[in-house]
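**Student:** This is the structure I have questions about; it appears just below.
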Amino acid sequence: MAAVNWSGVKGAIGTIAPWLAGTLGSPVAGMAVGALCQVLGLEPGKATPATLQAAIAGATPDQLLAIRQADLQHAEVMKKLGYDHVDKIEQLDVDDLASARAREMAVRDTTPAVMAWMIVLGTLCACGAVLSGVVTFADATKANMVGMVIGYLVSESKAVLAYYFGSSRGSDAKNQIIADQAASQSQQQ
C-alpha cells in the first residue's frame, strides 16, 4: 500500500490539534481522519490529504473550534491506548523506518534496491512517455487511468527517495529548533 503524505494536513492543524496531526501517517491515522471528516462534513472513505487540507483552509471558526474539541477527545482515547504523549505516536514511524534500514544492513538483500530502482525508473519512463506524446489519450477513461498510475508511481518514488535520502521530517525538526532558538534569543534581547 502506498504511503500517504499527510504533511500538508499536519501543517494546517498542527497548532490547534496536535494529537490529530501527530497521529496522521501513523498506524492509528484512521481515527484522526475519521474525526476530521466528521467535523468537516467529509466522507471518511473518500477523504484524501488534498480534500482535508482544502476543507481545513475553508473551515469556519465553529469548525476550527470543533477540530480543537475533537483533538481533546482524540487525546483522551490515545492516552487510554497507552500513548501519554503525541511524540510516542510519531516515534512509531521513526522506529519502523529504522528497523527496515537495520534489516537491510543486516541481511544485505539487494531486492529493496532493485525494487527502488524499478519504481524510480518506471516513474521517469511513464512521465517521459506522457510528456513526449508517446502515450496519447483517446478518451477520458484512459486518461484518468494513466493519471492514477502516474500518481501512484510518483507517490512510491517519493517514498523510495525518503527511505534512501531521508524525509522532510528531519528538516521540519531542524526548522523548529532554529525557530525556537531565534525566539529565545529575541526574548533575551
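The values are calculated or read from the model by the stated rules, or taken from the named source; none is laboratory data. Just so it is clear, the structure is predicted and the values come from calculations on it, not from any experiment. FYI the Cβ positions are ideal-geometry reconstructions off the backbone, even for glycines, and counts take in every protein chain you see.
**Student:** Would you tally the residues in the stretch 125-144 being loosely packed, with under 12 Cβ neighbours inside 10 Å and under 25 Å from Pro49 (Cα atoms)?
**Tutor:** 3
**Student:** So, one more: Pull up the stretch 65-85, narrow it to residues that are modelled with pLDDT under 90 and aliphatic (A, V, I, L, M), then point me to the one that is nearest to Ala12 (Cα to Cα).
**Tutor:** Selected residue: Ala75.
**Student:** Hand me the list of helices (runs of 4 or more DSSP H) wholly inside the stretch 1-82 holding 3 or more residues that are within 16 Å of the chain's Cα centre (by Cα).
**Tutor:** 7-13, 18-23, 29-40, 49-57
**Student:** A further question on this structure: Is it the case that some residue within the stretch 86-98 is farther than 29 Å from Lys10 by Cα, of a type in the set (Asp, Glu) and surrounded by 12 or more Cβ atoms within 10 Å (Cβ to Cβ)?
**Tutor:** Scanning the stretch 86-98, I find no residue that is farther than 29 Å from Lys10 by Cα, of a type in the set (Asp, Glu) and surrounded by 12 or more Cβ atoms within 10 Å (Cβ to Cβ), so the answer is no.
**Student:** Provide a single number: the residues in the stretch 119-147 that are modelled with pLDDT under 85 and part of a helix (DSSP H, G or I).
**Tutor:** Residues flagged as modelled with pLDDT under 85 and part of a helix (DSSP H, G or I) within the stretch 119-147 amount to 8.
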